[in-house]
Amino acid sequence: AGLAAMAVLTVPVFSFYKNKAAVWVWLPFFLIALGFAAAQWRAWDVAAPVLERTTYPLIVQGRVAAVTALPEGHRMVLDRLTYKSDYRLPQDPMPERVRIKLKKNTEPPAAGDVVRVRAMLLPLSPPVLPGAYDFQRHAFFDGIGATGFAIGDVEVVAAREKGFFFDALRRYIREHIKANM
């Protein structure tokens, strides 16, 4: 719709390019349509499968894209996922990126490691109140299609890939500060 409106409004703007008053009248409408088209393109560009209902315990294997320290434990974002389940997978296609909270006192993997973990996956939670923080929207634009929690221990399948220098630096600084406190 944004692209169609932009196309329709392009004709008057460029057909009256010699008449400055006509261009100034049509230009704001053209720019508004351009903004709508950009927003629609961004939403289309990041669209990925989103989990619709809670899964049974399943084995998730993927590359650790990020690790976040929490007050009690850690959380990791996995991408390049494969799923194994004793049951039928709840939907097809499954999410391409998930965020999983690890069990307490579990040593977190490094960003870039390929890991396997038994986990329960949950759909993204909507806002609690109208106008409250919208985690679904935030996760959608981050490409995260589900959240969940680890039931088993994290097993590192392959060592860290290259290209995660800043995550390794962040982890080193965090551990150094924690050790000196």
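Just a few scattered comments:
- Filter result (more than 17 Å from Lys101 (Cβ to Cβ), surrounded by 15 or more Cβ atoms within 10 Å (Cβ to Cβ) and aromatic (Phe, Trp, Tyr)) within the range 140-157: Phe140
- Of all the residues in the range 98-115, those that are open to solvent by less than 70 Å² (accessible area, probe 1.4 Å) and at pLDDT 90 or above number 6.
- Candidates Gln91, Gln40: the one that is surrounded by 11 or more Cβ atoms within 10 Å (Cβ to Cβ) and either in a loop (DSSP other than H, G, I, E, B) or not polar (S, T, N, Q) (or both) is Gln91.
- Answer residue from the range 122-139, given it is touching a helix residue (DSSP H, G or I) at 6+ places or on another chain (Cβ under 7 Å) and not small (Gly, Ala, Ser) and is farthest from Ile100 (Cα to Cα) among those: Pro126
- Ala69 vs. criteria open to solvent by 40 Å² or more (accessible area, probe 1.4 Å) and not aromatic (Phe, Trp, Tyr): yes
Conditions tested, residue by residue: (1) part of a strand (DSSP E or B); (2) at pLDDT 90 or above.
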| position | (1), (2) |
| --- | --- |
| Val117 | yes, yes |
| Tyr133 | no, yes |
| Gly148 | yes, yes |
| Gly163 | no, no |
| Tyr172 | no, no |
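- Checking each residue in the range 119-131 for being touching a residue at least 12 places away in the same chain (Cβ under 8 Å) and either part of a strand (DSSP E or B) or open to solvent by 40 Å² or more (accessible area, probe 1.4 Å) (or both) picks out Ala119, Met120, Leu121, Leu122, Pro123, Ser125.
- Residue match in the range 139-155 (condition: small (Gly, Ala, Ser) and over 21 Å from the mean Cα position of the chain (by Cα)): yes
The values are calculated or read from the model by the stated rules, or taken from the named source; none is laboratory data. Every value quoted in this text rests on a predicted model; they were computed, and no experiment measured them. Ideal geometry is used to build each Cβ from the backbone, glycine not excepted, and the neighbour counts take in all protein chains shown. Quick note on the areas: whole protein, heavy atoms, side chains included, nothing else; ligands and nucleic acids left out. Shrake-Rupley method; radii C 1.70, N 1.55, O 1.52, S 1.80 Å.
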